[in-house]
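Peer 1: Submitted below is the structure of interest, expressed as structure tokens.
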Ligand code: SF4
């Protein structure tokens with residue numbers, strides 16, 4: 001099994017959900033509107049920065065791209081959990097995220113782009129026994145020589161700095177990036193909380209990365225030893241795409 005930060009997170013949220021998704025390989029067509037909006041925003045940023053190598057897209061042009069992707073991908077199985085909210089509310093929210101982001105970072109030439117949606121592999125013990133992979137939204141090189149790992153977040157809650165400083169996903173990407181590019185000595189982790197028009201950053205020391213490496217090896221050992229994959233109820237059940245199959249929920 002090749003792991004990913006999101007697989008590990010799914011297991012920690014609910015082992016039963018992990019079993020449905022990654023052991024039994026069940027697929028559902030249902031998708032939360034928040035995840036749908038997040039995917040459309042990510043596509044839009046990828047388009048903006050990949051075009052930037054050749055030309056600068058206008059705000060209207062990039063918003064039109066977002067609209068086209070929204071309409072093309074919208075489907076019947078999109079779930080809106082928040083009472084009284086419509087798909088159009090979320091569509092317009094996305095337009096606002098793009099406008100704020102565009103105005104803040106225009107003309108998008110502050111750094112050199114090293115990668116967009118870059119696939120990264122993380123070999124935790126150097127033998128291939130504990131492998132993870134993921135995709136980094138954007139990798140930048142600053143004029144000062146710092147490599148930045150950027151991640152776009154469309155969520156409506158803003159984490160505490162303490163959570164950012166202990167976030168696992170981007171720190172794992174740092175491990176993989178430094179395996180791939182050993183010359184990248186100075187690395188900064190950057191999150192764009194676009195609903196708040198905020199950029200938040202953090203760094204990891206070599207000791208913190210080593211502790212993380214061991215912690216994730218232990219977690220993988222725990223997953224592989226699990227025989228039961230018990231369901232774990234939480235407020236996230238409302239967004240669970242396996243709700244109707246769950247032994248705790250099905251009627
Ligand atoms: S509904 Fe809740 S408890 Fe059931 S599988 Fe989904 S997340 Fe787990």
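Peer 1: Just to be sure I understand the model, the point goes 7 Å from the Cα along the line to the Cβ. What's the resulting residue 119 to residue 50 distance in nm?
Peer 2: Placing both labels 7 Å beyond Cα along the Cβ direction yields 1.5 nm.
Peer 1: For the residue pair residue 198 and residue 12, what label-to-label distance in nm results when each label sits 7 Å from Cα along the Cα-to-beta-carbon direction?
Peer 2: 2.0
Peer 1: Let me ask something additional. Take residue 142, project a point 7 Å from its Cα along the Cβ direction, then tell me which residues of region 82-113 have their backbone nitrogen under 11 Å from it.
Peer 2: Backbone N within reach: 111.
Peer 1: On to the next question. Which length gain, in nm to one decimal place, applies between residue 89 and residue 29 when the Cα-Cα distance is subtracted from 0.36 nm times their residue separation?
Peer 2: So the chain would gain 19.4 nm between residue 89 and residue 29.
Peer 1: Here is a follow-up. Kirkwood hydrodynamic radius (Cα pairs, Å) of region 206-251?
Peer 2: Its Kirkwood hydrodynamic radius stands at 13.2 Å.
Peer 1: From Cα coordinates alone, what are the radius of gyration and Dmax values for region 42-84 in angstrom?
Peer 2: Here Rg and the maximum Cα pair distance are 13.7, 43 Å.
Peer 1: Let me ask something additional. Stokes-Einstein at 20 °C, 1.002 mPa s, Kirkwood radius from Cα pairs: D for region 112-223 in µm² s⁻¹?
Peer 2: Stokes-Einstein gives a translational diffusion coefficient of 146 µm²/s.
Peer 1: Okay, moving on. Which value in nm describes the separation of the simple spin-label points at residue 244 and residue 43, placed 7 Å from the Cα toward the beta carbon?
Peer 2: 2.5
Peer 1: Further, regarding this structure: What order do you get for 119, 153 when you list them from fewest to most C-beta neighbours inside 10 Å?
Peer 2: Lowest count first: 119, 153.
Peer 1: Any idea what the relative contact order of region 25-109 is, in percent, if you count C-alpha pairs under 8 Å spaced at least 6 apart?
Peer 2: Rounded, it is 44 percent for region 25-109.
Peer 1: With a 10 Å Cβ neighbour count serving as the proxy for reagent exposure, in which order, fewest first, do 51, 68 appear?
Peer 2: 68, 51
Peer 1: Most exposed first by the Cβ proxy, i.e. fewest other Cβ within 10 Å, how do 108, 91, 54 rank?
Peer 2: Ascending number of Cβ neighbours within 10 Å: 54, 108, 91.
Peer 1: Remind me, relative contact order of the chain in percent, using alpha carbon pairs under 8 angstrom and six or more residues apart?
Peer 2: 23
Peer 1: Please give the direction-averaged projected area of the C-alpha convex hull for region 25-109, in square nanometres with one decimal.
Peer 2: In nm², the orientation-averaged hull projection of region 25-109 is 6.8.
Peer 1: Give me the mean projected area, in nm² to one decimal, of the convex hull enclosing the Cα positions of region 1-60.
Peer 2: Answer in nm², one decimal: 6.3.
Peer 1: Just to verify a number: FRET efficiency for residue 225 and residue 135, C-beta to C-beta distance, R0 = 25 Å, to 0.05?
Peer 2: Computed FRET efficiency for residue 225 and residue 135: 0.30.
Peer 1: Where in region 10-43 does the amide nitrogen come within less than 15 Å of the point 7 Å from the Cα of residue 82, taken along Cα to Cβ?
Peer 2: It comes to 32-38, nothing else.
Peer 1: If you project the alpha carbons of the chain onto the principal axes, what extent comes out on each, in Å, largest first?
Peer 2: Principal-axis extents of the chain (Cα, largest first): 53, 48, 29 Å.
Peer 1: Oh, and also: Using the beta-carbon distance between residue 205 and residue 1 and R0 = 30 Å, what value does 1/(1 + (r/R0)^6) give for FRET efficiency, to the nearest 0.05?
Peer 2: With R0 = 30 Å, the Cβ-Cβ based efficiency is 0.55.
Peer 1: Could you let me know the centre-to-centre spacing of region 1-34 and region 153-169, using Cα atoms, in angstrom?
Peer 2: 20
Peer 1: Could you tell me the center-to-center distance, by alpha carbons, between region 82-129 and region 203-251 in angstrom?
Peer 2: 24
A short reminder: the numbers here are calculations on the coordinates, not readings from a lab. These numbers were taken from a predicted model, which means no experiment stands behind them. With ideal geometry, Cβ positions are generated from the backbone for all residues, glycine too; neighbour counts draw on all protein chains shown.
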